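**Q** Here it is: the structure, laid out below.
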Amino acid sequence: MLNRITDALDFQARALTLRSERQRLIASNIANADTPGYQARDMNFARTLQAATGSLGGARSVSTTHAGHIGSAAAGLSGGKVGAELLYATPGQTNLDRNTVDMDRERASFADNAIKYEATLRFINSSVRTQLSAITGQ
Amino acid sequence: MSMLSIFNVSGSAASAQSQRLNVVASNLANADTVAGPDGSAYKARQVTFQTQLMGATGNDPTAAGVRVSTIAEDQTAGRKVHDPKHPGADGEGYVTYSNVNAIEEMVNMISASRSYQNNLEVMNTAKTLLQKTIQLGQS
């Protein structure tokens, strides 16, 4: 019965885990901005989140109403495990030392990801607050 | 907590950059050093960075830190100046200075300091986010 209460948090919790993974990934790229031969990595956040939350039931799973829609049922990930599929960034300007970190893009992604992480935190906070006020009934 | 290893990643990068800055400082300090009694002057040094995976399992590509792999000496010949009155002049009256190129070193210094700042900012952001995560659920 209790999982009915926490079910609503599951999606946001996994999104938060993924956001922190991506934050670390971008931090690695920024850290290796001067390493020769380093290839910048990034993840397709939408697809990874879909894969990570595919096993969650309820209204949060993506419903397919058209033959062209991409369903989320194919994802076999369960539990809190997040398997991010890492992609290589295409360099905007090539470098003599084969390093593909684009600092401008990384900085932008880092700020973007930080804001979205905070947004997810707020979603969880407000959801908790809503449930608390429902429990106390005041 | 995968966010906590951001401190390891960015910390290793900041430490590598500070080592690079140290090497630049020694190079600039020795820019005008002349050859000693052994006949060889100071040689410019250059650090080389290498990626170091530092996740919980040790092979996680999402936590890629940096370490200094080698500090190589530039083997090109030093600058020679004809100055027979100089106490360090050789038999033909030439003084051998170090092979430090001050302009290259200044560029290296600016690049290192910018990278250092970037990594500090990453750590600051991670700290803010973690603080907010700790306060999760407390209204």
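The values are calculated or read from the model by the stated rules, or taken from the named source; none is laboratory data. Just so it is clear, the model here is predicted, and its values are computed rather than measured. As a convention, Cβ positions derive from the backbone with ideal geometry for all residues, glycine included, and neighbour counts pool all protein chains shown.
**Q** Just checking, which of B:111, B:139 is surrounded by fewer than 13 Cβ atoms within 10 Å (Cβ to Cβ) and either modelled with pLDDT of 90 or more or within 14 Å of another protein chain (Cβ to nearest Cβ) (or both)?
**A** Checking each option against the conditions leaves just B:139.
**Q** While we're on this one: So in region B:7-46, with the set limited to residues that are charged (D, E, K, R) and part of a loop (DSSP other than H, G, I, E, B), which one is surrounded by the fewest Cβ atoms within 10 Å (Cβ to Cβ)?
**A** Filtering first and then ranking leaves B:38.
**Q** Working only within region B:75-103, note down all residues that are in contact (Cβ under 8 Å) with a residue 24 or more places away in the chain and not in a loop (DSSP other than H, G, I, E, B).
**A** B:95, B:96, B:97, B:102 - these are the residues of region B:75-103 that are in contact (Cβ under 8 Å) with a residue 24 or more places away in the chain and not in a loop (DSSP other than H, G, I, E, B).
**Q** Could you grab the pairs with beta carbons closer than 6 Å, sequence gap of 6+ or different chains, first residue in region A:10-36 and on the phi < 0 side of the Ramachandran plot and at the interface with another protein chain (Cβ under 7 Å from one of its Cβ atoms), second one acidic (Asp, Glu) and part of a helix (DSSP H, G or I)?
**A** Pairs found: A:30/A:106.
**Q** Then there is this: Does residue B:76 fit the bill of being farther than 18 Å from residue A:22 by Cα and either touching a Ser or Thr at 6+ places or on another chain (Cβ under 9 Å) or surrounded by 15 or more Cβ atoms within 10 Å (Cβ to Cβ) (or both)?
**A** When the stated conditions are applied, residue B:76 does not pass them.
**Q** For residues that are under 15 Å from residue A:16 (Cα atoms) and among the small types (Gly, Ala, Ser), scanning just region A:120-137, find the one that is surrounded by the fewest Cβ atoms within 10 Å (Cβ to Cβ).
**A** So the residue we want is A:126.
**Q** Of all residues in region B:25-74, count the ones that are in contact (Cβ under 8 Å) with a residue 24 or more places away in the chain, within 14 Å of another protein chain (Cβ to nearest Cβ) and of a type in the set (Asp, Glu).
**A** Count: 0.
**Q** Within region A:111-130, track down each residue that is under 18 Å from residue A:2 (Cβ atoms) and more than 10 Å from chain B (Cβ to nearest Cβ).
**A** Of everything in region A:111-130, just one residue is under 18 Å from residue A:2 (Cβ atoms) and more than 10 Å from chain B (Cβ to nearest Cβ), namely A:130.
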